[in-house]
Protein chains: 2
Amino acid sequence: MDLTFLGTASCFPLPSRGVSCIVFRRDGECWMFDCGEGSQIQIHESNIKPGKLTKIFITHLHGDHLFGLPGLMCTIGQTSSEKELPLELYGPTGLRKYIRVSLELSRSMLGFDYVVHELSVPEEELPEDWETWHPKHTADTGPVHPNEKEGRLIKPDENGVWHCCETNQMKVMAAPITHRIPSFGFVLHEKPQPGKLDPQKLKDRGVPPGPLYAKIKNGEAIITEAGETIRPDDVLGPKRPGRKIVILGDTSCNSKIAAISRNADVLVHEATLENELREKCVGNGHSTPEMAAEFANDINARKLILTHFSQRYRPAAHELKEGEESVTKLLEQAKRVFINKDLIAAEDLMQVSIPAKK
Amino acid sequence: MDLTFLGTASCFPLPSRGVSCIVFRRDGECWMFDCGEGSQIQIHESNIKPGKLTKIFITHLHGDHLFGLPGLMCTIGQTSSEKELPLELYGPTGLRKYIRVSLELSRSMLGFDYVVHELSVPEEELPEDWETWHPKHTADTGPVHPNEKEGRLIKPDENGVWHCCETNQMKVMAAPITHRIPSFGFVLHEKPQPGKLDPQKLKDRGVPPGPLYAKIKNGEAIITEAGETIRPDDVLGPKRPGRKIVILGDTSCNSKIAAISRNADVLVHEATLENELREKCVGNGHSTPEMAAEFANDINARKLILTHFSQRYRPAAHELKEGEESVTKLLEQAKRVFINKDLIAAEDLMQVSIPAKK
């Protein structure tokens with residue numbers, strides 16, 4: 001399980017740093033979180049295969065998180081052999097219209113199907129001036145694209161949690177975070193994992209080391225040569241808790257997602273501007289390193305990864321010119337709050353492994 | 001006067017080569033032709049200032065010519081000091097809806113105004129299956145963006161020429177070229193330029209070398225110390241013809257734009273695939289180097305610049321791996337037809353000067 005940061009800048013892309021895009025990978029399957037302009041170019045610098053993307057989650061519809069999506073979809077269609085399952089997209093209402101119109105006007109056939117599941121946006125998440133300049137923005141428009149299959153409208157449960165999807169191994173939930181426009185954070189929760197295999201127990205029952213070990217480790221029962229059925233519970237230790245990864249988009253307040261974020265193994269949190277610019281930062285719906293670190297403490301996160309840095313902060317490895325500052329400044333500010341803990345500043349193409357729990 | 005190639009690949013962008021985007025520059029003013037994804041990143045590698053863009057022309061609405069536009073507009077808004085005049089955009093019908101929906105759904109305020117002038121698309125330019133999957137695609141949708149000012153619908157004159165715009169020094173015309181979707185080529189025609197200054201004539205009338213020389217060269221009358229008025233025609237040689245630049249987008253046949261392209265000083269023409277793949281190439285609405293060179297001969301172009309290469313052809317300067325081919329192959333094929341003439345293959349960030357005529 002790992003995260004690959006394809007873009008770590010806010011606002012607009014530069015040759016030195018792309019805009020928001022993160023790929024979560026588990027057992028070869030890839031899920032993307034946000035897709036700013038140029039993400040498909042960055043992918044080629046990484047070891048992510050675009051054809052392996054099965055789900056794309058969009059935190060909010062600002063261009064630096066969204067404008068790379070239609071191009072990426074076209075490129076997957078042009079370069080990957082036919083995908084069997086539809087590509088599944090999740091994001092706030094409006095996402096379906098954006099994709100539909102972009103593909104329709106560019107007359108792009110994809111060679112694979114896609115489906116958009118929209119997260120309903122509650123009234124209270126809309127900015128005050130919402131109605132004044134695009135009252136109809138969530139309405140679907142025109143005919144459906146030939147590659148579009150019918151998606152769901154995902155509504156919150158009684159606890160204010162949007163249940164996006166569930167696979168054999170994972171569950172993805174979302175909840176609103178505060179930004180200038182409706183914005184969601186995503187919580188990826190791995191289901192409990194099989195316990196540790198006790199090889200002595202298998203040997204005692206006459207099973208030699210080999211492929212049967214892998215089978216039983218994956219939760220399947222096996223039958224020995226002597227005809228005896230061995231169930232995973234017979235030879236595996238207690239189940240291990242699954243990992244929890246919390247990926248937030250642009251945010252100045254995370255109170256509504258705190259409850260489902262508790263004890264995250266990894267928290268990805270934006271830190272757009274330094275602490276000294278907190279007022280401006282919060283005014284724009286963003287966080288300072290201090291705010292990110294405080295939230296990490298609040299939810300008892302094990303590891304905090306900062307990202308979404310203003311382009312005014314140069315990548316840490318760059319040689320600074322007179323008057324320039326680097327992302328290291330933001331990292332140091334977070335360190336003063338998230339003390340003696342696992343804390344890093346993401347950089348483009350950085351890959352972060354998330355080890356299994358013991 | 002020069003052209004800067006910001007992207008020279010077809011279909012999808014790679015780190016080694018971006019998709020279609022060309023900037024024409026004259027006296028500091030910049031006009032962009034097509035804006036594929038990542039064009040705003042490429043700009044930063046060039047000496048073009050995004051804030052100097054006053055007009056953007058889109059040849060057709062395929063993503064590799066279009067998907068960089070909303071992001072570029074947002075970035076201009078975020079990074080340039082307020083633009084006084086609206087940014088003017090020109091392209092086939094559908095362009096206005098694409099920009100409006102992209103800006104509206106991403107809730108992007110620009111900090112400057114823009115206006116979209118759409119080129120009407122005649123029935124005969126529509127592919128046969130046009131109506132089957134987006135009959136309403138040209139309809140405008142929803143409320144107008146606060147930064148959008150009312151644009152024109154440009155219709156062809158009796159000769160099948162779309163007159164896009166005229167400035168003090170330039171005229172831009174368009175005509176359809178054949179592609180899978182409606183596509184236009186653009187002809188930039190500079191107006192006749194002042195003739196050469198004869199300094200002896202000015203000296204004879206008692207005007208010493210200095211700022212008055214520049215004034216009269218720019219077409220203004222001057223008054224000497226003795227009170228005599230000297231008009232430009234008195235001291236300038238015959239007017240010099242203006243330059244003509246023809247920029248075509250994706251095309252497999254240019255017959256409708258040939259008449260207004262004659263004697264082009266520069267022809268920018270796509271050459272997507274090699275001659276041996278002509279059938280596939282034309283089937284996809286594209287040209288081979290031979291086809292590009294034949295058209296350059298037909299219109300008596302002085303200089304031919306090839307661009308829009310399939311990513312299967314690596315940039316000329318790249319070290320080729322086993323089995324790889326480079327753009328040089330395409331260039332050589334064009335050379336066999338456009339013989340002993342000025343011919344180059346564009347590459348990303350290449351800048352081509354277009355000298356004034358004598």
How many residues does region B:330-358 contain that are over 17 Å from B:VAL266 (Cβ atoms) and surrounded by 18 or more Cβ atoms within 10 Å (Cβ to Cβ)?
4
Would you confirm whether any residue within region B:82-91 is in contact with a strand residue (DSSP E or B) (Cβ under 7 Å, 6 or more places away or on another chain) and of a type in the set (Ser, Thr, Tyr)?
yes
Just to be sure, is A:THR54 more than 14 Å from chain B (Cβ to nearest Cβ), open to solvent by 30 Å² or more (accessible area, probe 1.4 Å) and either free of Cβ contacts under 8 Å to residues at least 24 places away in the same chain or at negative phi (or both)?
yes
Residue count, region B:165-192 (criterion: without any contact (Cβ under 8 Å) to a residue 12 or more places away in the chain and within 14 Å of another protein chain (Cβ to nearest Cβ)):
0
Within region B:203-222, residues open to solvent by less than 50 Å² (accessible area, probe 1.4 Å) and farther than 18 Å from B:LYS239 by Cβ come out as B:VAL207, B:GLY210, B:ILE222
Any residue that is open to solvent by 10 Å² or more (accessible area, probe 1.4 Å), in contact (Cβ under 8 Å) with a residue 40 or more places away in the chain, at positive phi and more than 9 Å from chain B (Cβ to nearest Cβ) - is there at least one of those in region A:13-31?
yes
Filtered residues of region B:249-279 (kept if among the small types (Gly, Ala, Ser) and buried (at least 18 other Cβ atoms within 10 Å of the Cβ)):
B:GLY249, B:SER252, B:SER261, B:ALA264, B:ALA271
What is the residue count in region A:286-299 for residues that are open to solvent by less than 10 Å² (accessible area, probe 1.4 Å) and either modelled with pLDDT under 95 or in contact with a Cys (Cβ under 9 Å, 6 or more places away or on another chain) (or both)?
2
Just checking, does region A:81-92 include any residue being open to solvent by 10 Å² or more (accessible area, probe 1.4 Å), under 28 Å from B:GLY91 (Cβ atoms), within 19 Å of the chain's Cα centre (by Cα) and not aromatic (Phe, Trp, Tyr)?
no
Hits in region B:57-78 - residues which are more than 7 Å from every other protein chain (Cβ to nearest Cβ) and either in a loop (DSSP other than H, G, I, E, B) or more than 17 Å from the chain's Cα centre (by Cα) (or both)
B:ILE58, B:THR59, B:HIS60, B:MET73, B:ILE76, B:GLY77
So the helices (runs of 4 or more DSSP H) completely within region A:277-358 holding 2 or more residues that are on the phi > 0 side of the Ramachandran plot are none
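Right, A:THR141: out of contact with any Asp or Glu (no Cβ under 7 Å at 6 or more places or on another chain), at pLDDT below 95 and either open to solvent by less than 30 Å² (accessible area, probe 1.4 Å) or of a type in the set (Lys, Arg) (or both) or not? Working first, answer last.
On the way: out of contact with any Asp or Glu (no Cβ under 7 Å at 6 or more places or on another chain): yes; at pLDDT below 95: yes; either open to solvent by less than 30 Å² (accessible area, probe 1.4 Å) or of a type in the set (Lys, Arg) (or both): yes.
Yes: the conditions hold for A:THR141.
The values are calculated or read from the model by the stated rules, or taken from the named source; none is laboratory data. Note that the coordinates shown come from a computational prediction; the quantities given were computed from them, not determined experimentally. Using ideal geometry, Cβ is built from the backbone for each residue, glycine included, and neighbour counts are taken over all protein chains shown. Accessible surface is based on the protein model in full, side chains and every heavy atom, while ligands, DNA and RNA are left aside. Shrake-Rupley method; radii C 1.70, N 1.55, O 1.52, S 1.80 Å.
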